[in-house]
Amino acid sequence: MTTRNCREEKAGARPTNTKTGGRHEGRAPPRLFVTHPLDGPGRRLTVGEDMRHYLHHVLRRGPGDRVRLFNGRDGEWCARIDSLERRSLVLVLEDCLRAQRDDPAIDLWLAFAPVKRNANEWIIEKATELGVMRLVPVIVRRGETRRVNAQRWHAIAREAAEQCERLSLPEIAEPLVLDQLLAQWPQDRRLFAARERMAAPHLGECLVHDGLPAGGAGLLVGPEGGFTHEEHARMAEVEAESGVLSTVSLGARILRAETAALAGLALIAARLDCEIRSCEEGADQTQ
């Protein structure tokens with residue numbers, strides 16, 4: 001039996017499988033999130049009927065085909081489909097492709113007022129792709145509180161993480177009313193509150209001039225129609241008292257709630273990536 005690992009398959013060197021007829025030759029193995037421990041070559045994992053159906057009937061994969069697995073703890077592994085049972089599928093771990101990286105020294109949270117269903121799912125998907133570590137639904141007067149569907153959001157985040165090659169899933173927190181969010185916000189974590197129609201410093205300028213604290217950063221985005229006058233006043237109080245919250249602008253145009261979330265996250269994520277890369281390069285030079 002010829003053995004190849006996930007790296008060889010991804011490079012297009014995958015052998016023809018007698019059961020699949022070579023239909024997947026040259027294609028990267030699918031990447032899937034599992035909850036099982038991934039702790040060494042030879043470990044056998046039995047996955048349930050849903051994943052069996054997805055791999056066998058949707059992706060048309062069978063014994064001998066390979067997949068990539070991650071669980072948010074043990075890095076990313078190549079595994080071989082060993083056998084198909086009636087209601088399950090058995091995988092065998094082969095080798096570790098990527099070790100689990102420690103959480104970044106500075107990580108990113110998103111606090112957002114839920115909006116329409118499809119827009120919420122889009123926010124979850126794009127936030128996951130941009131590396132957000134924690135998503136916090138915020139209950140405000142004009143928000144769509146009935147649109148919080150944690151189970152569905154977890155599924156969206158999992159699929160996005162599988163596609164963008166993250167090694168972990170974002171945490172989806174329980175909804176908080178705005179006052180709770182502001183009261184519980186960590187004092188060492190900067191919170192940027194995006195507001196429309198306000199002569200506030202641009203988020204990009206704040207990131208360049210002030211940088212980010214070691215405790216991390218977060219973005220707060222309001223609902224369709226914006227925050228109420230009372231909510232604006234409460235945030236102004238927190239900004240004056242604590243210095244943790246900074247009101248920022250995302251530009252001269254009025255953005256949809258989901259557009260504002262993506263625009264703000266992209267700016268902060270780019271800054272975080274630069275800082276992390278700079279730290280890694282500095283560490284390499286000292287070795």
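The values are calculated or read from the model by the stated rules, or taken from the named source; none is laboratory data. Quick caveat: nothing in here was measured; it's all calculated off a predicted structure. A quick note on method: Cβ atoms are made from the backbone with ideal geometry, for glycine too, and the neighbour counts reach across all protein chains shown.
If the requirement is being out of contact with any helix residue (DSSP H, G or I) (no Cβ under 6 Å at 6 or more places or on another chain), surrounded by fewer than 19 Cβ atoms within 10 Å (Cβ to Cβ) and more than 30 Å from GLY75 (Cβ to Cβ), which of these qualifies: LEU167, LEU176?
Step by step, each of LEU167, LEU176 is checked, and only LEU176 is out of contact with any helix residue (DSSP H, G or I) (no Cβ under 6 Å at 6 or more places or on another chain), surrounded by fewer than 19 Cβ atoms within 10 Å (Cβ to Cβ) and more than 30 Å from GLY75 (Cβ to Cβ).
Okay, residues lined up against (1) polar (S, T, N, Q); (2) outside the structural domain of ALA150 (by TED's automatic domain parsing); (3) part of a strand (DSSP E or B):
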{"site": "LEU191", "(1), (2), (3)": "no, no, yes"}
{"site": "ALA200", "(1), (2), (3)": "no, no, no"}
{"site": "GLU205", "(1), (2), (3)": "no, no, no"}
{"site": "GLY218", "(1), (2), (3)": "no, no, yes"}
{"site": "GLU224", "(1), (2), (3)": "no, no, no"}
{"site": "ALA233", "(1), (2), (3)": "no, no, no"}
{"site": "THR247", "(1), (2), (3)": "yes, no, yes"}
Practice task
Could you figure out which of (1) at pLDDT below 95; (2) in contact with a Cys (Cβ under 6 Å, 6 or more places away or on another chain) isn't true of ALA105?
Solution key: (2)
Practice task
Give just the number: which of (1) surrounded by 14 or more Cβ atoms within 10 Å (Cβ to Cβ); (2) over 25 Å from the mean Cα position of the chain (by Cα) does ARG253 not satisfy?
Solution key: (1)
Exercise for the section: Answer yes or no: is there a residue in region 120-128 that is out of contact with any Phe, Trp or Tyr (no Cβ under 8 Å at 6 or more places or on another chain), among the polar types (S, T, N, Q) and either crowded, with 20+ Cβ neighbours inside 10 Å or outside the structural domain of ALA257 (by TED's automatic domain parsing) (or both). Expected result: yes
Exercise for the section: Scan region 121-150 for residues that are modelled with pLDDT under 95 and in a helix (DSSP H, G or I) and jot them down. Expected result: THR145, ARG146, ARG147, ALA150
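Residue-by-condition table, conditions (1) of a type in the set (A, V, I, L, M); (2) surrounded by 12 or more Cβ atoms within 10 Å (Cβ to Cβ); (3) within 27 Å of PRO170 (Cα to Cα); (4) modelled with pLDDT of 95 or more:
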residue: MET1; (1), (2), (3), (4): yes, no, no, no
residue: PRO15; (1), (2), (3), (4): no, yes, no, no
residue: HIS24; (1), (2), (3), (4): no, yes, no, no
residue: ARG31; (1), (2), (3), (4): no, yes, yes, yes
residue: ARG68; (1), (2), (3), (4): no, yes, yes, yes
residue: TRP77; (1), (2), (3), (4): no, yes, yes, yes
residue: LEU97; (1), (2), (3), (4): yes, yes, yes, yes
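Based on what the data block shows, is VAL92 assigned to a strand (DSSP E or B), among the β-branched types (Val, Ile, Thr) and either on the phi > 0 side of the Ramachandran plot or not assigned by TED's automatic domain parsing to the domain that holds LEU220 (or both)?
So VAL92 passes the test.
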Exercise for the section: Identify, from the list PRO63, PRO137, the residue that is touching a residue at least 12 places away in the same chain (Cβ under 8 Å) and not assigned by TED's automatic domain parsing to the domain that holds ASP39. Expected result: PRO137
Completion exercise
Sole miss for LYS116 among (1) surrounded by 15 or more Cβ atoms within 10 Å (Cβ to Cβ); (2) over 26 Å from PRO29 (Cβ atoms) is condition (1)
Problem - Test for VAL115: is it β-branched (Val, Ile, Thr) and outside any loop (DSSP other than H, G, I, E, B) - result: no
Problem - Only one of ALA214, ALA270, ALA183, ALA199 that is over 26 Å from the mean Cα position of the chain (by Cα), loosely packed, with under 15 Cβ neighbours inside 10 Å and aliphatic (A, V, I, L, M) - result: ALA199
